[in-house]
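Here is the structure we will look at.
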Amino acid sequence: DPLQVIDHIQTGANPRGLCAIAPQPDPHTNAWRLACPAVACGAVRVQNGPPEIGGGQTSLMMAAVPPHNGSHAFQAHQTPLAAIAFNQEGSLIATASETGTVVRVFSATDGQLYHELRRGTQSSLISCLSFRPDSQYLAV
């Protein structure tokens, strides 16, 4: 099957092309979860995608699921995002801003802040975040 556009998501300035994609926590569906910068500076948009895209059912599923069903945005930082990552289950999102002094971990479901990790007081470029498969550690 050829690749096809299933949705257009409006974002704010995104010169780094930041986005992260993860499967939904429910392994019985083919749904997905996408995170990208939201329109507001330093905010994250989480878009939950419908299951079973492709296989001739695309138009049926997209007609049944509004384009922004299950999406939400939350303020993660005051400055533009520099890095974003999901854990393996797609239930947590880690973010860093261009300032590079704080890394935050949020619930992907509702944007609730779980952890704030202060790296230091001097600015630093954070270009990658990665959770260990069991989500117990985050590499910065």
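Each value in this text was obtained by applying a stated rule to the coordinates, not by laboratory testing. All figures in this text were calculated on a predicted structure; none of them were measured in a lab. Here the Cβ is made from the backbone with ideal geometry for all residues, glycine too, and neighbour counts use every protein chain on show.
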Quote the FRET efficiency, to the nearest 0.05, computed for T79 versus R132 with a Förster distance R0 of 22 Å and r equal to the Cβ-Cβ distance. 0.25
For region 75-140, what is the Kirkwood estimate of the hydrodynamic radius, computed as the reciprocal of the mean inverse distance between distinct Cα atoms, to one decimal in Å? 11.8 Å
Formal net charge of residues neighbouring S71 (Cβ-Cβ distance under 15 Å; K, R +1; D, E -1): 0
